[in-house]
1. Got a sec? Which helices (runs of 4 or more DSSP H) wholly within region 104-183 have at least 3 residues that are in contact with an Asp or Glu (Cβ under 9 Å, 6 or more places away or on another chain) and crowded, with 17+ Cβ neighbours inside 10 Å?
2. From the set of residues in region 247-272 that are of a type in the set (S, T, N, Q) and under 20 Å from PHE158 (Cα atoms), which is farthest from the chain's Cα centre (by Cα)?
3. Please work out if HIS19 is exposed (fewer than 12 other Cβ atoms within 10 Å of the Cβ) and either in contact with an Asp or Glu (Cβ under 8 Å, 6 or more places away or on another chain) or at pLDDT 90 or above (or both).
4. Looking at region 89-99, is at least one residue on the phi > 0 side of the Ramachandran plot, out of contact with any Pro (no Cβ under 9 Å at 6 or more places or on another chain) and outside any helix (DSSP H, G or I)?
5. Scan region 239-260 residue by residue and report those that are without any contact (Cβ under 8 Å) to a residue 60 or more places away in the chain and either of a type in the set (Ser, Thr, Tyr) or out of contact with any strand residue (DSSP E or B) (no Cβ under 9 Å at 6 or more places or on another chain) (or both).
6. Just need a number here: residues in region 46-68 that are assigned to a helix (DSSP H, G or I), surrounded by 17 or more Cβ atoms within 10 Å (Cβ to Cβ) and out of contact with any helix residue (DSSP H, G or I) (no Cβ under 8 Å at 6 or more places or on another chain).
7. Among the helices (runs of 4 or more DSSP H) lying completely within region 188-300, list those that include at least 3 residues that are in contact with a Ser or Thr (Cβ under 7 Å, 6 or more places away or on another chain).
8. Considering only region 61-79, I want to know if a residue exists there that is among the charged types (D, E, K, R), over 16 Å from the mean Cα position of the chain (by Cα) and closer than 23 Å to ASN302 by Cβ.
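The values are calculated or read from the model by the stated rules, or taken from the named source; none is laboratory data. This one's a predicted model, so the numbers in the text were calculated from it and none came from an experiment. With ideal geometry, Cβ positions are generated from the backbone for all residues, glycine too; neighbour counts draw on all protein chains shown.
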Amino acid sequence: MDFLATLKAAIQEPIVLKHNFLICYDSKANNLHVFFEGKTDESFYGTYLRKIKPESHSLKSYICGNKDGVYYYHKQLNHLYKKEQPLLFFVDKDIEDIIPFHRDTHDNIYITEFYSVENYLVNCNSIEQVWAEIFRQCSGTAVADKISEVFSQSLNDFHKDFYKVMGWVLYHRRAQTRPNLDCIVTKKLFSIDNDLKYHSIFSERSDLYKHLDERTGASTPAEKFTEIENLENLLKGYEPKHVVRGHNEMDFFLEFFKTLKISVAEASGKVIQPVLDLTGSNVIDILGPRTAPSSSLVRFLNSHVDKQLDLATASTGY
């Protein structure tokens, strides 16, 4: 089969992951097998994995579809793990530790410390890199510092707002109703003005809960509002990135980026076109390789792969 035919088959035909793994698995070969929830996870983890793997090893990745899928394939395949051919599994923490929802722990399953991988990308370092590398403006200037300062304040306001959303999410997770959170359009919950300041659209909890119900098809009884507020207060005992959904936090980042483009154009009297346009479909691909690994990820990889990644130079300190 020629290359184009092979490529067409790989793209169009559904792949049975276990079958695909067994084809790739060779007990005599040196391979690093990694299992992810979704397709964008390799954009986040791939750079570190390629740096840490020995040159003698090939990287083989598999998309399991979701968190349950990762645990399912761990149960199916983990007996094939060996030091010369590690099988590593990567999942997002979300709020299962707070619900709580029990899962067995395993040495070769990496669980994010934050809600999900997106939370590691949304920070002042990223907005400074966007300004310098995507807008191609100078770092360390008064303007760059001001953008970073306003971003930090707006992100803080966003987090305060989203404790309310996550209190509602936690209530429904504990009630096992599991509304489809992907139906929540984050930008309908807030706005960012031309001064890059954050503004909440829903000041009343009742209006917010009604909106979330309408978006997700959930039903939140009025008599449960006090309980949800108590859950919100419970979540405030955690750092926001540990409990605020990464997908929503990334939506905030993208709205800030879009408003920054508009504000720069108005201030300069001309359009400053970034060399890359950040969107929901490419932002992890662009920011993932630009983000240093957390210390927990470095320790995890160093415990399973012989070629060591330097903790002191690679870690973000998260």
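1. Where helices (runs of 4 or more DSSP H) fall fully within region 104-183 and carry at least 3 residues being in contact with an Asp or Glu (Cβ under 9 Å, 6 or more places away or on another chain) and crowded, with 17+ Cβ neighbours inside 10 Å, they are 118-121, 142-174.
2. SER263
3. No: the conditions fail for HIS19.
4. Looking for residues that are on the phi > 0 side of the Ramachandran plot, out of contact with any Pro (no Cβ under 9 Å at 6 or more places or on another chain) and outside any helix (DSSP H, G or I), one finds at least one in region 89-99, hence yes.
5. Of all residues in region 239-260, those without any contact (Cβ under 8 Å) to a residue 60 or more places away in the chain come to 239, 254, 258.
GLU239, LEU254, listed by residue number.
6. 1
7. Numbers: elements: 205-216, 225-235, 240-243, 246-268, 283-287.
Result: 246-268, 283-287.
8. Step one: filter region 61-79 for residues among the charged types (D, E, K, R), giving 67-68, 75.
The next check asks that each one be over 16 Å from the mean Cα position of the chain (by Cα); those that pass are 68, 75.
Next, only the ones that are closer than 23 Å to ASN302 by Cβ stay: none.
There is no residue in region 61-79 that is among the charged types (D, E, K, R), over 16 Å from the mean Cα position of the chain (by Cα) and closer than 23 Å to ASN302 by Cβ.
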